[in-house]
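A.B. asks: Following this message is one structure expressed as structure tokens.
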């Protein structure tokens, strides 16, 4: 069954490299459920491009890849548009091992840590690497909620044990 909504990512001439990177990260996850893969790549023609597409010969016109069952589409569009934090991809991690794995994979080689489980990968896309936060944020006890929120706001990479400690 084809999904109805597909995130579309714009790259500056490194879409194929990024697809390979993302697929390798998700396939390397010891807790993966589904195989991640590149599904299809359509390239710009090898010659004859003119106007704003001149110089894109052989680059990715469109690429479709799948991470844990979620399809994404991408293209090499050049430096015109840049990704920013207003769009992020949430990775719902089941334990600290998974958080550590994805955090390390996305921050190495040029990725950047941010706050509260957010980071930017080396391609400039924002990811949220997080456990299901409902278990910490939907508490009826407002004092516990404040303590958990205070602990959470101090973190870059999420530390489940510290959130648990704050909740207790």
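A.B. asks: Can you name the strands (runs of 3 or more DSSP E) wholly within the range 59-168 that have at least 2 residues being under 18 Å from residue 19 (Cα atoms) and in the same structural domain as residue 39 (by TED's automatic domain parsing)?
C.D. replies: By residue number, 60-67, 70-76.
A.B. asks: Residues 108, 156, 94, 120: which one is closer than 21 Å to residue 29 by Cα and crowded, with 18+ Cβ neighbours inside 10 Å?
C.D. replies: Going through 108, 156, 94, 120 in turn, the sole match is 120.
A.B. asks: I would also like to ask the following. It is to be established whether one or more residues within the range 8-19 are part of a loop (DSSP other than H, G, I, E, B) and either touching a helix residue (DSSP H, G or I) at 6+ places or on another chain (Cβ under 6 Å) or farther than 18 Å from residue 124 by Cα (or both).
C.D. replies: no
A.B. asks: Answer yes or no: is there a residue in the range 61-68 that is out of contact with any helix residue (DSSP H, G or I) (no Cβ under 8 Å at 6 or more places or on another chain), free of Cβ contacts under 8 Å to residues at least 24 places away in the same chain and more than 23 Å from residue 102 (Cα to Cα).
C.D. replies: Among the residues of the range 61-68, at least one is out of contact with any helix residue (DSSP H, G or I) (no Cβ under 8 Å at 6 or more places or on another chain), free of Cβ contacts under 8 Å to residues at least 24 places away in the same chain and more than 23 Å from residue 102 (Cα to Cα), which makes the answer yes.
The values are calculated or read from the model by the stated rules, or taken from the named source; none is laboratory data. Computed from a predicted model, the values in this text were never measured in an experiment. When we count neighbours, we look across all protein chains shown, and the Cβ atoms used for this are built from the backbone with ideal geometry, even at glycine.
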